[in-house]
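What follows is a single structure, written as structure tokens, with notes after it.
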Amino acid sequence: AQSVTQPDIHITVSEGASLELRCNYSYGATPYLFWYVQSPGQGLQLLLKYFSGDTLVQGIKGFEAEFKRSQSSFNLRKPSVHWSDAAEYFCAVGAGNNDMRFGAGTRLTVKP
Amino acid sequence: DAGVIQSPRHEVTEMGQEVTLRCKPISGHNSLFWYRQTMMRGLELLIYFNNNVPIDDSGMPEDRFSAKMPNASFSTLKIQPSEPRDSAVYFCASGQPEGETQYFGPGTRLLVL
């Protein structure tokens, strides 16, 4: 069965600093991979997704993620964090049959 | 498109009462998902529908929970009777026919006293 691990429960970065949120997955084949963001009191918004092709995926709000098959990882990155990026971030893996598994989430705090 | 619409946004009820949560998916999407989010358990898939048919309800916690999708534009999640441990945020999401991306509604925050 597929699973998703987000090792970091909470990360704090300074505004303007770079960001990397980690995501590891377990699945027999190449899964569909997603990053969602949830602002307080809001639903989940899709940041980006990987299905196939180029392993570096660009998303909205200046985010990108890189699929590394050898490491079973799909880490999310942003070169310069803005205060409005403070939110909870969820990595998810889909198996192609509407069976999507979400990680536990990483809460991002941005210091002024 | 207005996105996935959920109502009510907030619900406070007393233990033992019936609660009905509503969802309108994005037009043209044929998959619909109900999730529950709590601090302790994170985001859990309760049930999903494909073309209005329930495909997997293994995540429904117990018989007190039921979900229906009478047509392509409407779904309900009902809890009867409600219990304090049902307090959570319930999300509805819909997906496109050939894709795997799910689009989430704003959620219903349920508090059972």
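The values are calculated or read from the model by the stated rules, or taken from the named source; none is laboratory data. As the structure is a prediction and not an experimental result, all values here were calculated from the model. We place every Cβ from the backbone using ideal geometry, glycine too, and count neighbours over all the protein chains shown. Keep in mind that these areas ignore ligands, DNA and RNA; they rest on the heavy atoms of the full protein, side chains included. Shrake-Rupley method; radii C 1.70, N 1.55, O 1.52, S 1.80 Å.
Worth pointing out:
- Hits in region A:49-71 - residues which are without any contact (Cβ under 8 Å) to a residue 24 or more places away in the chain and either within 14 Å of chain B (Cβ to nearest Cβ) or open to solvent by 60 Å² or more (accessible area, probe 1.4 Å) (or both): A:Lys49, A:Phe51, A:Ser52, A:Asp54, A:Leu56, A:Val57, A:Gln58, A:Ile60, A:Lys68, A:Ser70
- Any hit, region A:16-39, residues being in contact with a helix residue (DSSP H, G or I) (Cβ under 6 Å, 6 or more places away or on another chain) and not in a helix (DSSP H, G or I): no
- For region B:26-40, a residue qualifies if it is part of a strand (DSSP E or B), more than 10 Å from chain A (Cβ to nearest Cβ) and over 16 Å from B:Pro70 (Cβ atoms), and the qualifying residues are B:Arg36, B:Thr38.
- Flag for A:Val37 being open to solvent by less than 20 Å² (accessible area, probe 1.4 Å), within 14 Å of another protein chain (Cβ to nearest Cβ), in contact (Cβ under 8 Å) with a residue 12 or more places away in the chain and under 29 Å from B:Asp56 (Cα atoms): yes
- The residues in region B:50-97 that are among the β-branched types (Val, Ile, Thr) and either open to solvent by 50 Å² or more (accessible area, probe 1.4 Å) or more than 26 Å from A:Pro40 (Cα to Cα) (or both) can be counted, and the count is 2.
Conditions (1) modelled with pLDDT of 90 or more; (2) under 14 Å from B:Ala88 (Cα atoms), marked per residue:
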residue	(1), (2)
B:Asp1	no, no
B:Ile5	yes, no
B:Gln17	yes, no
B:Arg41	no, yes
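- Hey, A:Gly103 buried (at least 17 other Cβ atoms within 10 Å of the Cβ) and either closer than 25 Å to A:Ala29 by Cβ or within 12 Å of chain B (Cβ to nearest Cβ) (or both) or not: yes
- The single condition from (1) surrounded by 15 or more Cβ atoms within 10 Å (Cβ to Cβ); (2) modelled with pLDDT of 90 or more that B:Thr101 fails is (2).
- Near pairs, Cβ below 8 angstrom, 6+ apart or cross-chain, from region A:7-18 (under 15 Å from A:Lys78 (Cβ atoms)) to any residue that is charged (D, E, K, R) and open to solvent by less than 40 Å² (accessible area, probe 1.4 Å): A:Ser18/A:Lys78
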